[in-house]
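For reference, the structure discussed in these notes is given below.
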Amino acid sequence: MKHLLPGIWQWSWFSQEKQLDFNGLYLELEGQAVVVDPPPLTDDARAVIRRRGRVDAVLITNRDHVREADACRREFGGRLFVPDRDAAAIEIIPDAIYRDGERLPGGLLVIGLLDQKSPGESAFLLMQGRGVLIVGDALIGKPPGDVSMLPADKYVDKAKAKEGLRRLLQYEFDSLLVGDGVSLLTGAKGIVQRFLQGAP
């Protein structure tokens, strides 16, 4: 379990199939403990979460990042939040759904993204320090120090999906925490901007 930023920890599970890390986040924000997109828990991650206390909320960024959310909810408690536009495609029953523009536990702002792999793909913005943006499948941290998107066959129209990501540039952020790959702790907005301005 890595302590990335104030109040933010990350643990990872390596996917042999995808050949990259699947990341989960544990956040302590505004007096609340939040887990985002949890992959299988490592012993270290489980110990840190237990030591620090309860979990108030488990957040899923999209229908394909349910991962170990239900197991995490059972083990640590907390309400499970899923995106409204993906809720019907998620097999487990959530405690709540969220929509674009809402504030979630910990003060996270929901940014809904259009034309992505799934209709409910969302990012979360934390306005602490110089800004922290959390994404699920919207951007991948690969290669390390840069960002990319999923393969074209994951989208109806990859060019439209890339265009839909430009919404992220309306917000101020210096760190980008990714569900898959390597997170960017500084200079993230410039890296994302360069990627989105490149060829489709």
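The values are calculated or read from the model by the stated rules, or taken from the named source; none is laboratory data. Predicted, not measured: the structure shown is a model, and the values here were computed from it. Because the Cβ atoms are built from the backbone with ideal geometry, glycine has one as well, and the counts that use them run over all protein chains shown.
Of Thr42, Thr61, all but one fail to be among the β-branched types (Val, Ile, Thr), surrounded by 21 or more Cβ atoms within 10 Å (Cβ to Cβ) and either modelled with pLDDT of 95 or more or over 17 Å from the mean Cα position of the chain (by Cα) (or both); the exception is Thr61. Please list, ordered by first then second residue, the pairs with beta carbon atoms under 9 Å, 6 or more apart or interchain, first in region 174-196 and under 25 Å from Val66 (Cβ atoms) and polar (S, T, N, Q), second at pLDDT below 95 and not in a strand (DSSP E or B). What qualifies is Ser175/Gly129; Ser175/Arg130.
Inspection of region 144-155 identifies no residue that is basic (Lys, Arg) and either in contact (Cβ under 8 Å) with a residue 40 or more places away in the chain or in contact with a His (Cβ under 8 Å, 6 or more places away or on another chain) (or both). Among the residues of region 137-195, those identified as of a type in the set (Gly, Ala, Ser), farther than 22 Å from Lys18 by Cα and either in a loop (DSSP other than H, G, I, E, B) or out of contact with any helix residue (DSSP H, G or I) (no Cβ under 6 Å at 6 or more places or on another chain) (or both) are Ala159, Gly164, Gly187, Ala188, Gly190.
Give the number of residues within region 167-178 that are surrounded by 14 or more Cβ atoms within 10 Å (Cβ to Cβ) and out of contact with any strand residue (DSSP E or B) (no Cβ under 6 Å at 6 or more places or on another chain).
So in region 167-178, the residues surrounded by 14 or more Cβ atoms within 10 Å (Cβ to Cβ) come out as 167-168, 171, 173-178.
Subset that is out of contact with any strand residue (DSSP E or B) (no Cβ under 6 Å at 6 or more places or on another chain): 167-168, 174.
Qualifying residue count, region 167-178: 3.
Could you list, in sequence order, all residues of region 113-136 that are outside any loop (DSSP other than H, G, I, E, B) and of a type outside the set (Phe, Trp, Tyr)? Can you show your working first?
We begin by selecting, within region 113-136, every residue outside any loop (DSSP other than H, G, I, E, B); these are 122-126, 132-135.
Within region 113-136, Ser122, Ala123, Leu125, Leu126, Val132, Leu133, Ile134, Val135 qualify.
Can you tell me which residue within region 140-164, out of those that are aliphatic (A, V, I, L, M) and in contact with a strand residue (DSSP E or B) (Cβ under 9 Å, 6 or more places away or on another chain), is surrounded by the most Cβ atoms within 10 Å (Cβ to Cβ)? Show your work before the answer.
Narrowing region 140-164 to residues aliphatic (A, V, I, L, M): 140, 147, 149-150, 152, 156, 159, 161.
This time we only want the ones that are in contact with a strand residue (DSSP E or B) (Cβ under 9 Å, 6 or more places away or on another chain), so: 140, 147, 149-150.
Details: Ile140: 20, Val147: 23, Met149: 21, Leu150: 17.
Result: Val147.
Based on this model, can you work out whether Gly77 counts as closer than 18 Å to Leu29 by Cα, at pLDDT below 95 and either surrounded by fewer than 17 Cβ atoms within 10 Å (Cβ to Cβ) or in contact with a Pro (Cβ under 9 Å, 6 or more places away or on another chain) (or both)? When the stated conditions are applied, Gly77 passes them.
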